[in-house]
1. Just to confirm the number: angle between the C-alpha axis of helix 2-11 and the first principal axis of the chain, 0 to 90 degrees, nearest 10?
2. Just name one of 21, 82, 35: the one whose Cα is farthest towards the positive end of the charge dipole of the chain (beta-carbon charges, Lys/Arg +1, Asp/Glu -1).
3. Counting other Cβ atoms within 10 Å, keep those with at most 11, restrict to DSSP loop, and tell me which GluC sites (Glu not before Pro) in the stretch 2-75 are left.
4. Check cross-link reach from residue 8 to the lysines: straight Cα distance under 26 Å, and skip same-chain residues fewer than eight apart.
5. Mind checking the dipole of the chain: about its Cα centre, +1 per Lys or Arg Cβ, -1 per Asp or Glu Cβ, Debye to the nearest 20?
6. So for the stretch 28-82, Kirkwood radius off the Cα pairs, Stokes-Einstein at 20 °C and 1.002 mPa s: how many µm² s⁻¹?
7. Which angle between 0 and 90 degrees, to the nearest 10, do you get for helix 31-42 versus the longest principal axis of the chain when only C-alpha atoms count?
8. Could you report the chain's accessible area per residue, 1.4 Å probe, as an integer in Å²?
Amino acid sequence: DVCEAFLKAATANQITSGAAINIGSGKQTTLKELVDITQQLFEIEVEPEWGAFPAKSWDTTTWVANNQRARQMLNWSPQIDM
């Protein structure tokens, strides 16, 4: 999905210089979910040390890409589910 979006952005005529275009599913995926998937795929038995770093002032519990610009400007939408 990301490679397809990059190719579309590289060949698009209507992108304003410096425009921010979020490439993402629009669905929240937690770091724990990504770790679980990675552990299964690569047969990793070591567990991460959660909370090893102090929280940052900008930390939030919700990170979701708003891909509306990618849909409009690139005619792109995610095709591959996590």
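The values are calculated or read from the model by the stated rules, or taken from the named source; none is laboratory data. Being a predicted model, the structure only gives us computed values, none of them experimental. Quick reminder, even Gly has a Cβ in these numbers, built from the backbone with ideal geometry, and neighbours come from all protein chains shown. In case anyone asks, the SASA skips ligands and DNA or RNA and just uses the protein heavy atoms, side chains included. Shrake-Rupley method; radii C 1.70, N 1.55, O 1.52, S 1.80 Å.
1. Approximately 20 degrees, to the nearest 10.
2. 21
3. Qualifying residues, ordered by number: 43, 45, 49.
4. Cross-link targets: 27.
5. In debye, rounded to 20, the chain gives about 680.
6. Working: Rh = 14.3 Å.
My calculation gives 150 µm²/s for D.
7. Between helix and principal axis, roughly 80 degrees.
8. Spelled out: the 1.4 Å probe surface of the chain, per residue, equals 86 Å².
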